[in-house]
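> The structure follows.
The values are calculated or read from the model by the stated rules, or taken from the named source; none is laboratory data. Keep in mind that what you see is a predicted model, and the values were worked out from it rather than measured. Here the Cβ is made from the backbone with ideal geometry for all residues, glycine too, and neighbour counts use every protein chain on show.
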Amino acid sequence: MKAMIFAAGLGTRLGRLTRDTPKALVEVGGKTLLEHVILKLKQAGVDDIIINVHHFSEQIIHFVNERSFDLNISFSIEKNKLLDTGGGLKKAAWFFNDDKPFFIHNVDIISDINLQEMYAVHCQKNGIATLAVRNRITERYLLFDDENRLCGKENLKVKNSVLLPGISSQATLQHLGFSGIHLVSPQIFEFMPRRRDVFPILGLYLTIADKIFAYKHNYGKWLDMGKIEKLTAYQKTIQ
């Protein structure tokens, strides 16, 4: 099984911690964020991983090459500019050549999510992507119908919502927070814009929303370590 780890971000929300270090190598509980994600994916049966890198990319590559994860790990280097999540995946399309579903995992997420169960749900739905979501308070929601099919998104911070054609503004939809973990079938590459290299993956999902489903994991822990206040608070609970 293959997976991609999104680790190219600048990590500006972590302030001083990423002045000289990439977000992927910030330590939490004695392990870097990157280690947490690699080991999580390995536990789920992943044996081939590609990591996109940009900010302090040399540090990440050196870190991985100096350790033995007993996995095949490659890198997609976004040298000149960040390609956003959709563009980053598009650049790494060559890696996903086995015609099998693959995971995408943000490097700053630590969770107890059951990835094997998520894989099974994805195969049952036979969609193009399955998004890990949960009931949580956030400023940005994804909207799903009763069949857990994507119907739109809502951003409370800028008071903006997007509903797919045919979806009534009066419809009762599930408002769920995205967990930064996807399971994607390689057909996704057929829908990517040919002339754009920088674009968000969630925007692409909305264009093929009838093929995008939710996997709800309202159990265990889920932690976004991308903000310094959340990372600091979590560190205190495990000391």
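> Please find, among Phe69, Phe144, Phe95, the residue that is surrounded by 12 or more Cβ atoms within 10 Å (Cβ to Cβ), under 25 Å from Thr32 (Cβ atoms) and touching a strand residue (DSSP E or B) at 6+ places or on another chain (Cβ under 8 Å).
None of the other options fit; the residue is Phe95.
> I'm told Asn218 meets every condition in (1) modelled with pLDDT under 95; (2) polar (S, T, N, Q); (3) surrounded by fewer than 11 Cβ atoms within 10 Å (Cβ to Cβ) except one. Can you identify the failing condition by its number?
(1)
> Just a yes or no: is a residue in segment 75-87 farther than 23 Å from Glu190 by Cβ, in contact with a strand residue (DSSP E or B) (Cβ under 6 Å, 6 or more places away or on another chain) and not in a strand (DSSP E or B)?
The answer is no, given that none of the residues of segment 75-87 is farther than 23 Å from Glu190 by Cβ, in contact with a strand residue (DSSP E or B) (Cβ under 6 Å, 6 or more places away or on another chain) and not in a strand (DSSP E or B).
> Any residue that is farther than 19 Å from Ile208 by Cα and outside any strand (DSSP E or B) - is there at least one of those in segment 124-131?
The answer is no, given that none of the residues of segment 124-131 is farther than 19 Å from Ile208 by Cα and outside any strand (DSSP E or B).
> Within segment 147-163, count every residue that is of a type in the set (A, V, I, L, M) and exposed (fewer than 15 other Cβ atoms within 10 Å of the Cβ).
Qualifying residue count for the region: 3.
> Also, quick follow-up: Of everything in segment 61-87, what is of a type in the set (A, V, I, L, M, F, W, C) and within 18 Å of the chain's Cα centre (by Cα)? Give them in sequence order. Walk me through it before giving the result.
Step one: list which residues in segment 61-87 are of a type in the set (A, V, I, L, M, F, W, C), which gives 61, 63-64, 69, 71, 73, 75, 77, 82-83.
The answer is Ile73, Phe75, Ile77, Leu82, Leu83.
> Next up: Looking at segment 23-63, which of the residues that are assigned to a helix (DSSP H, G or I) and acidic (Asp, Glu) is surrounded by the fewest Cβ atoms within 10 Å (Cβ to Cβ)?
Applying the first criterion (assigned to a helix (DSSP H, G or I)) to segment 23-63 yields 23-25, 33-43, 57-63.
Within this subset, residues satisfying the condition of being acidic (Asp, Glu) are 35, 58.
On the way: Glu35: 19, Glu58: 10.
That would be Glu58.
> Can you name every residue in segment 179-197 that is under 13 Å from Ile104 (Cα atoms) and either in contact with a helix residue (DSSP H, G or I) (Cβ under 9 Å, 6 or more places away or on another chain) or aliphatic (A, V, I, L, M) (or both)? Before the answer, list the steps.
Taking segment 179-197 as the starting set, the residues that turn out to be under 13 Å from Ile104 (Cα atoms) are 179-186, 188.
Once the filter is applied, which keeps residues that are under 13 Å from Ile104 (Cα atoms) and either in contact with a helix residue (DSSP H, G or I) (Cβ under 9 Å, 6 or more places away or on another chain) or aliphatic (A, V, I, L, M) (or both), segment 179-197 yields Ile181, His182, Leu183, Val184, Ser185, Pro186, Ile188.
> Looking only at segment 3-22, which residues are small (Gly, Ala, Ser) and surrounded by fewer than 14 Cβ atoms within 10 Å (Cβ to Cβ)?
Gly15
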